[in-house]
Amino acid sequence: MKTPIPYYLAQILDKVRPNEGGEVADYIPELATADPDILGVAVCSATGHVYHAGAGEHRFTMQSISKPFVYALALQEFGLAAVREVVGMEPSGEAFNELSLGGDHRPVNPLINAGAIVVNQLIDGVDSTVEDRVETIRSFLSRMAGRELEIDEQVCQSEVDTAERNLSLAHMLRSYGIIQDTAHDAVLSYTKQCSISVDVRDLAVMSATLANGGQQPVTGEMILDADVCRLTLAVMSSCGMYDGAGRWMAEVGIPAKSGVSGGLLGTLPGQLGVATFSPRLNPEGNSVRGEEIFKLLSADMGLHLMSTERRFGVYPIREIEQTAEEAIFYLQGHINFTAAEAVLYELQQDNFRGARLALDFEQVTGFNTIGRRMLKEGLRRFREAGVDVAVIDPRARMTNLEMSDGTMVPVAEPDDYQIAGEGT
Ligand code: GLN
């Protein structure tokens, strides 16, 4: 069987293709040369499965999509307190390139240009050269993507040649002592960051790395702390779409970041990364078709973050083998609160009244704290009721096996639990 996901994505592209609204950005001359009809979408699961439709391998510059990632790098290197000294976390309600700072002269958030210039300056410390700083950023973004990314020097030069507005921001930041580099160097460094070239598949994987708590799901590399990903996604959700951020959260509900070259990236925490490319932009600087694709994905695939639907990802019970005396519950997927609730609910149903119970965790990919605690508590209660309980946990998914009463969950070998009448 061939997975239907790319086919489904292609259908979405067909729906949005007729929309020729919006304009290709031309304030950076090199961007104005983009083919406005190019259209692509990619999705990467938090487990690292990548799907795409349309122009999956067409390269474009990240532009502002680089901002949340470099913010994450700064948080990882310096911690929230230090980063907050120079940039806030509040939505600006203004355009991305607005000449505005907060009351204390700090940029209000890291996703507007003023904030991103400041965050860029943090990387590698004040004494860094532009070259070293840019290399640190390029190599970090490459690890996120799982391949060596390159800077599109042509786009970079074209932007540097016309960067009056960003230069004025940098002058302002330097006059308040928020950055130390000359305005020229600060803008050059930031513009190089914006000119790193990717395709939608790269972006989907990078986004899935944030969704996956900082572990790159394809290479398996641990790149960021989960806390850093959470903070970054929180800022993306309130500030990522500039002055359209509130409407975006209501209509789409996927933390996102747009770039003026036409890319749009979205992250659904714990679930997946999405990226689109289509160069025509609305007046807010967001891709017109990209926004439409996200609306369709959110509605059709039920991806709205604020959805009150119960979500299991994968149904946590793969199979139940049982006789009058014993039962084995084969679990699977990620056991969070909702999944654990479903397992416990099933366990307490009439269909299990035996004297022996085992939970098989071989196919379980992970637990969160509450999911693990709830299952242990369920086992403890069964034991209290006189049931002989055990876990089958060959990959040690339950790790700390201490139950809430301080005793240990008994671990069984798979062969200890054989349903009567089956094999030996
Ligand atoms: N490099 C672009 C700029 O500073 C990025 C803006 C964007 O993508 N919104 O203008």
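Give me the accessible area per residue for the chain, probe 1.4 Å, as a whole number in Å².
43 Å²
Per DSSP helix of 4 or more residues, -39500 (n - 2.57); summed, then divided by the residues of the chain. What does that give at 222 nm, rounded to the nearest 500?
-12000 deg cm²/dmol
Once phi is turned into θ = phi - 60°, what whole-Hz ³J(HN,Hα) does the Karplus curve with 6.51, -1.76 and 1.60 give for every residue of the range 17-33, x standing for Gly and Pro?
Rounded to whole hertz, the list is 4, x, 6, 9, x, x, 10, 5, 4, 10, 6, 9, x, 5, 5, 5, 7.
Taking only the alpha-carbon positions of the range 1-51 and ignoring solvent, what does the Debye formula give for the base-10 log of I(q)/I(0) at q = 0.14 Å⁻¹?
With no solvent term, the Cα-only Debye profile gives -0.55.
Pick out which of LEU375, LEU31, LEU111 has the largest mean-square fluctuation in a Gaussian network model of the chain, springs linking Cα atoms closer than 10 Å.
LEU375
For the range 1-154, treating each Cα as an identical point scatterer without solvent, what Debye log10 I(q)/I(0) comes out at q = 0.15 1/Å?
Cα-only, vacuum Debye calculation for the range 1-154: -1.03.
If you count, for each residue, the other Cβ atoms within 10 Å and average over each peptide, how do 243-249, 36-42 line up from highest to lowest?
36-42, 243-249
Pairing the Cα long axis of helix 226-239 with the longest principal axis of the chain, what angle in degrees results, from 0 to 90 and rounded to the nearest 10?
That works out to roughly 50 degrees.
Which lysines, on any chain, are close to LYS15 with Cα under 16 Å apart, when same-chain ones fewer than 8 places away are left out?
Excluding near neighbours in sequence, the set is LYS295.
Which of the aspartates and glutamates could a cross-linker span from LYS257 if the Cα-Cα distance has to be under 13 Å and same-chain partners fewer than 8 positions apart are dropped?
Hits, sequence-local ones excluded: ASP243, GLU284, GLU291.
Just GLY103, GLY88, GLY262 to compare: in a GNM of the chain, with alpha carbon springs under 10 Å, which one fluctuates most?
Among GLY103, GLY88, GLY262, the largest GNM mean-square fluctuation belongs to GLY103.
Please compute the contact order of the chain in relative form: average sequence separation of alpha-carbon pairs under 8 Å and at least six residues apart, divided by the residue count, as a percent.
RCO, the chain: 16 percent.
Provide the three semi-axes, in whole Å and in decreasing order, of the ellipsoid equivalent to the range 83-125 as defined by the square roots of 5 times the Cα gyration tensor eigenvalues.
The answer is 16, 11, 8 Å, longest axis first.
How long is the range 241-280 along each principal axis, judged by its Cα atoms, biggest number first, in Å?
Rounded to whole Å, the extents work out to 28, 22, 12 Å.
Of GLU292, GLU326, which has the most accessible area with a 1.4 Å probe, and how do the rest follow in descending order?
If we order GLU292, GLU326 from most to least accessible, we get GLU292, GLU326.
Pick from VAL118, VAL187, VAL126: which residue has the top mean-square fluctuation in a GNM of the chain where Cα pairs under 10 Å get a spring?
Checking each option, the largest mean-square fluctuation is seen for VAL126.
Return one quarter of the surface area of the convex hull spanned by the alpha-carbon atoms of the range 73-219, equal to its mean projected area, in nm².
If you wrap the Cα atoms of the range 73-219 in a convex hull and average its projections, you get 8.8 nm².
Determine the order of PHE367, PHE140 by accessible area, beginning with the largest, at a probe radius of 1.4 Å.
Result, largest first: PHE367, PHE140.
List, largest first, the extents of the alpha carbons of the chain along their principal axes, each in whole Å.
Result, largest extent first: 78, 47, 35 Å.
To the nearest whole percent, what portion of all C-alpha pairs in the range 183-264 is separated by more than 15 angstrom?
Counting every Cα pair in the range 183-264, those more than 15 Å apart make up 66 percent.
The values are calculated or read from the model by the stated rules, or taken from the named source; none is laboratory data. The shown structure was predicted, so the numbers you read here are calculated from the model rather than taken from an experiment. Neighbour counts run over all protein chains shown; Cβ positions are idealised from the backbone, glycine included. Areas reflect the complete protein model, heavy atoms only, side chains present, ligands, DNA and RNA absent. Shrake-Rupley method; radii C 1.70, N 1.55, O 1.52, S 1.80 Å.
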